Amino acid sequence: MLQKRNHRSYAPYPVELPVQYRIPGGNPIAGHGHTVTIGRGMVCFRGDRPLPVNRKIELAVDWPAALPDGAKLNVWMTGTIARCEPDAVEVRVETYEFKTRRAPRSGSAPPLKRRLGARAMSGGAA
């Protein structure tokens with residue numbers, strides 16, 4: 001006999017981490033901010049400008065945990081902007097992937113711009 005799973009609501013965790021974002025397209029938008037909450041399938045962050053609702057967005061979040069060898073991590077996410085209010089942007093997360101973070105080089109571009117640089121100029125998808 002199959003048992004029903006206990007369906008619980010998952011409250012978001014209040015976490016403040018640096019975030020960089022990019023909205024791809026013909027006129028890509030890029031910026032930065034910090035997370036407010038992270039939950040199951042959603043991220044809420046404060047950015048440096050209002051963003052358009054229902055647009056695809058790419059996020060790179062500096063993850064606070066490191067690997068056993070000390071390598072730092074980023075979590076790369078793609079999703080859709082669900083809401084944008086004056087103090088926060090809410091994103092429905094569709095994909096995410098943890099990747100190691102390189103040590104910043106003096107004068108180098110932020111990680112999201114380095115990773116997506118050529119595609120940002122062409123308007124291609126990630």
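The values are calculated or read from the model by the stated rules, or taken from the named source; none is laboratory data. What you are looking at is a predicted structure, and each value in this text was computed from that prediction instead of being measured. Glycine gets a Cβ as well: all are built from the backbone with ideal geometry, and neighbour counts include every protein chain shown.
What about Ala120, is it part of a loop (DSSP other than H, G, I, E, B), modelled with pLDDT under 85, of a type in the set (Gly, Ala, Ser) and closer than 17 Å to His32 by Cα?
So Ala120 does not fit the description; no.
Evaluate the following for Ala11: is it assigned to a strand (DSSP E or B) and either more than 12 Å from the chain's Cα centre (by Cα) or at pLDDT below 95 (or both)?
no
I need a count of the residues in the stretch 28-73 that are part of a strand (DSSP E or B) and within 18 Å of Tyr13 (Cβ to Cβ).
Of the residues in the stretch 28-73, 19 are part of a strand (DSSP E or B) and within 18 Å of Tyr13 (Cβ to Cβ).
Hey, can you tell me all the residues within the stretch 33-47 that are in contact with a Cys (Cβ under 7 Å, 6 or more places away or on another chain) and surrounded by fewer than 19 Cβ atoms within 10 Å (Cβ to Cβ)?
Thr37
Quick one: is Pro50 touching a Cys at 6+ places or on another chain (Cβ under 9 Å) and at pLDDT below 95?
Considered against the rule, which asks whether it is touching a Cys at 6+ places or on another chain (Cβ under 9 Å) and at pLDDT below 95, Pro50 comes out as yes.
State all residues of the stretch 52-75 that are farther than 11 Å from Arg101 by Cα and either among the polar types (S, T, N, Q) or buried (at least 19 other Cβ atoms within 10 Å of the Cβ) (or both); if no residue qualifies, say none.
Listed by number, the residues that qualify are Asn54, Ile57, Glu58, Leu59.
May I ask you to list the residues in the stretch 15-27 that are among the β-branched types (Val, Ile, Thr) and part of a strand (DSSP E or B)?
Val19, Ile23, listed by residue number.
Given (1) over 20 Å from Gly26 (Cβ atoms); (2) modelled with pLDDT of 65 or more; (3) surrounded by 11 or more Cβ atoms within 10 Å (Cβ to Cβ), identify the lone condition not met by Pro111.
With (1) over 20 Å from Gly26 (Cβ atoms); (2) modelled with pLDDT of 65 or more; (3) surrounded by 11 or more Cβ atoms within 10 Å (Cβ to Cβ) applied to Pro111, the lone miss is (2).
If you check Glu85 against the conditions, is it crowded, with 18+ Cβ neighbours inside 10 Å and more than 19 Å from Tyr13 (Cβ to Cβ)?
Taking the combined requirement at face value, the residue does not satisfy it.
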